[in-house]
Amino acid sequence: MQTVKASYRNGNIQLLTPLTGVEQAELLIVVLDHEGETKGAVAASFQSLPSHSEQDFKALGLASFFDTNDDNQVDWEDVFDVKPR
């Protein structure tokens, strides 16, 4: 899988970065307007969501670690040098 940048103008798509090592490919295009905001329901599904580290760790299979003595005795924001929102 590769990510390439392209532009669309007057019904034509022009690749701005080359596809390397690909003779044939299926493309999935996410449309961004000039201000960089996505358009449409499909494009909106690719927008990044705010990061929630606890949810991310649970998704990685570490849910059994949370709310244990080991977890509660560590200030994870300090360990990873991040500030809570």
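The values are calculated or read from the model by the stated rules, or taken from the named source; none is laboratory data. Worth saying up front: this structure is predicted, and the values here are computed from it rather than measured. Calculation scope for accessible area: heavy atoms of the full protein, side chains included, ligands and nucleic acids excluded. Shrake-Rupley method; radii C 1.70, N 1.55, O 1.52, S 1.80 Å.
Of all residues in the stretch 42-53, those satisfying the criterion of being open to solvent by less than 90 Å² (accessible area, probe 1.4 Å) and modelled with pLDDT under 70 are 43, 44, 45, 50, 51.
Within the group 30, 22, 74, 82, which residue is among the β-branched types (Val, Ile, Thr) and either at pLDDT below 65 or closer than 23 Å to residue 9 by Cα (or both)? Explain how you work it out, then say what you get.
Values: 22 fails: either at pLDDT below 65 or closer than 23 Å to residue 9 by Cα (or both); 74 fails: either at pLDDT below 65 or closer than 23 Å to residue 9 by Cα (or both); 82 fails: either at pLDDT below 65 or closer than 23 Å to residue 9 by Cα (or both).
One residue alone meets the criteria, 30.
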